[in-house]
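Okay, structure first, notes after.
The values are calculated or read from the model by the stated rules, or taken from the named source; none is laboratory data. Note that the coordinates shown come from a computational prediction; the quantities given were computed from them, not determined experimentally. With ideal geometry, Cβ positions are generated from the backbone for all residues, glycine too; neighbour counts draw on all protein chains shown. Heavy atoms of the whole protein, side chains included, go into the accessibility calculation; ligands, DNA and RNA do not. Shrake-Rupley method; radii C 1.70, N 1.55, O 1.52, S 1.80 Å.
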Amino acid sequence: FGSAGMELVNGTLDLNGKQITSGYQQDSTTKHIYPFDVYGTFTIEDTVGNGSITGRGIFVQDGSKLTIESGAVYAIDSNGGSVLFQYGGDIVINGGHIEQKAEGTYNFAINGLGGTVTVNNGWVGGNHGAIAAGGAAVVINGGTLVCTGTPGMTDNVLYSYDTGSITINGGTFIGDSDTAAGGCCVYDANGGATINGGTFGNTSGGDVWGTTGTTIKGGTFSDLIE
């Protein structure tokens, strides 16, 4: 097998309480196969509960749309791989649990390089953070977004850079309390973050690190800016 997984075009995958785990890529004992590639309009749900997808992550290709209603999706490789790796399609999170579980990786749970990411509910997080917006327009209306942290690494819940943007209307944001590394809930490197609401805390480097263009209109903060 190569690195890519099964192509999902149009339809719904109901995990129905089952666990899906991908094997290793050819000639590797550290890199798993990406379980799925999304090329069309696809929905993942779990009507029974305890269903999960585990591997290197899911590719969301340009022009496609992935909606997650329920279920768990895990990325487990310590040498790369995001749970959702987005090239230019649209991602909608209405529920479920999305987690980058491996330490030693700088990949966020969702790596948005283009298109849109909308989080309405659910749990999104990982050791390096929840969402990186490098070209995607990210809108967070609710849910819980977490950075569980890797000791000694600077880890942030949300990271906006390059041409990405993040708009926060609500939700709960829990940072990494690793004092030596100094992580934030929002690290806005390009001035692409607008905060209208939400609850932010448990950070060692300040809840928000901003620059010219960072806009804060509302929200509840424990340590706003450091």
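Overview of values
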read-out: Residue satisfying condition, being assigned to a strand (DSSP E or B), of a type in the set (Phe, Trp, Tyr), in contact with a strand residue (DSSP E or B) (Cβ under 6 Å, 6 or more places away or on another chain) and farther than 19 Å from residue 15 by Cα, within set 85, 108; value: 85
read-out: Positions within segment 68-101 being under 17 Å from residue 50 (Cα atoms) and among the aromatic types (Phe, Trp, Tyr), in sequence order; value: 74
read-out: Checking residue 65 against (1) basic (Lys, Arg); (2) more than 14 Å from the chain's Cα centre (by Cα); (3) closer than 21 Å to residue 177 by Cβ, the condition it does not meet; value: (3)
read-out: Selection count where residues are open to solvent by 10 Å² or more (accessible area, probe 1.4 Å), farther than 14 Å from residue 173 by Cα, in contact with a Gly (Cβ under 8 Å, 6 or more places away or on another chain) and part of a strand (DSSP E or B), scope segment 190-219; value: 1
read-out: Residues of segment 69-98 satisfying the condition of being within 19 Å of residue 148 (Cβ to Cβ), under 14 Å from the mean Cα position of the chain (by Cα) and open to solvent by less than 20 Å² (accessible area, probe 1.4 Å); value: 72, 73, 75, 80, 81, 82, 83, 84, 93, 98
read-out: Test: residue in segment 22-43 that is crowded, with 17+ Cβ neighbours inside 10 Å, among the small types (Gly, Ala, Ser) and more than 22 Å from residue 119 (Cβ to Cβ); value: yes
read-out: Tally of residues being under 20 Å from residue 191 (Cα atoms) and either open to solvent by less than 40 Å² (accessible area, probe 1.4 Å) or within 13 Å of the chain's Cα centre (by Cα) (or both) across segment 146-164; value: 7
read-out: Cross-chain or 6+ apart pairs with Cβ under 6 Å, segment 37-60 first and of a type in the set (Asp, Glu), then at pLDDT 95 or above and buried (at least 22 other Cβ atoms within 10 Å of the Cβ); value: 46/15; 46/71
read-out: Options 139, 124: the member that is free of Cβ contacts under 8 Å to residues at least 60 places away in the same chain, closer than 18 Å to residue 59 by Cα and part of a strand (DSSP E or B); value: 124
read-out: Lone qualifier among 64, 22 - being among the small types (Gly, Ala, Ser), at pLDDT 90 or above and closer than 17 Å to residue 136 by Cβ; value: 64
read-out: Residue list for segment 188-201, filter: at pLDDT 95 or above and under 18 Å from residue 219 (Cα atoms); value: 188, 191, 192, 193, 194, 195, 196, 197, 198, 199, 200
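Condition check ((1) of a type outside the set (Phe, Trp, Tyr); (2) over 22 Å from residue 120 (Cα atoms)) across all residues:
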residue	(1), (2)
11	yes, no
17	yes, yes
25	yes, yes
31	yes, yes
34	no, yes
42	no, no
48	yes, no
56	yes, yes
